[in-house]
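A short worksheet on the structure shown next.
The values are calculated or read from the model by the stated rules, or taken from the named source; none is laboratory data. Computed from a predicted structure; not experimentally measured. Heads up, the Cβs are rebuilt from the backbone with ideal geometry, glycines too, and the neighbour counts pull from every protein chain shown. Heads up: the accessible areas ignore ligands, DNA and RNA and are worked out on the full protein's heavy atoms, side chains in. Shrake-Rupley method; radii C 1.70, N 1.55, O 1.52, S 1.80 Å.
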Amino acid sequence: MEIYKKQAKMIYFYLKKNGCSHEDAEDIVQESYTKFIAYSNAVPSHKALSYIFTISMNEFKKLLRKQGKEQIILINDNSFWNNFADDQDTELSVLTLEMKHEITIVLEGIQEIFKQLLLLKYELELSYKEIALLLGMKEETVRTYLFRARKEFQKKWRELHE
């Protein structure tokens, strides 16, 4: 039960980081768990957490379509950048106020799974194990995808600044 509470908090914060209001984020998390309970007998136990996360993302996308809005990523640029830049080139270590906008532009230009992984790792500061559990992936797959996501982010970042 504790793992579900922790996951609900992670999903809530992830939704908030993606521009979801407090009320909508709470509603989406509650709706996701309700749907999971309704269909849980068809979901293998080892896939439960990733199933709930997927439902949440689908509910969020449905809400955005209904409201006629685009997804907005709300990031704490210093937190994201400092966590992300720890294992990057030092040339990228200087932040300015406009970087928040630039980071958002770059994130919008990469694959959805890469964007999710980068936000979960560097904004929410989840471990590889927590991300793997949340997304229903093997921990090694998360490491590989995050490596690719960082490379893709770097490539897009360089393109933006050339």
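How much net charge surrounds F114 when only the other residues with a Cβ under 9 Å from the Cβ of F114 are counted, with Lys and Arg +1 and Asp and Glu -1?
+1
Other residues whose C-beta falls under 10 angstrom from the C-beta of S127 contribute a net charge of -1, scoring Lys and Arg +1 and Asp and Glu -1.
With the contact rule set at Cα under 8 Å and sequence spacing of 6 or more, what percent relative contact order holds for segment 102-162? Could the numbers behind the result be given before it?
Numbers: 42 pairs, mean separation 25.4, N = 61.
Result for segment 102-162 is 42 percent.
Lysine pairs in segment 112-159 whose alpha-carbon atoms fall under 16 angstrom of each other, counting only those eight or more residues apart or on distinct chains, come to 7. Accessible surface computed residue by residue for segment 1-66, with neighbouring protein chains in place and a 1.4 Å probe, gives 60 Å² per residue.
When the accessible area of segment 27-73 is split by element with a 1.4 Å probe, what percent falls to carbon and sulfur? Can you show the working numbers first?
Details: 1620 of 3020 Å².
Reported share for carbon and sulfur atoms: 53 percent.
Both radii come from the Cα set of segment 1-62: Rg as radius of gyration, Rh as Kirkwood radius; their ratio Rg/Rh reads 0.95. Between K61 and E139, the FRET efficiency from the beta-carbon distance, with R0 = 25 Å, is close to 0.40. Of interest is the spacing of the C-alpha centroids, which for segment 1-63 and segment 107-129 amounts to 17 Å.
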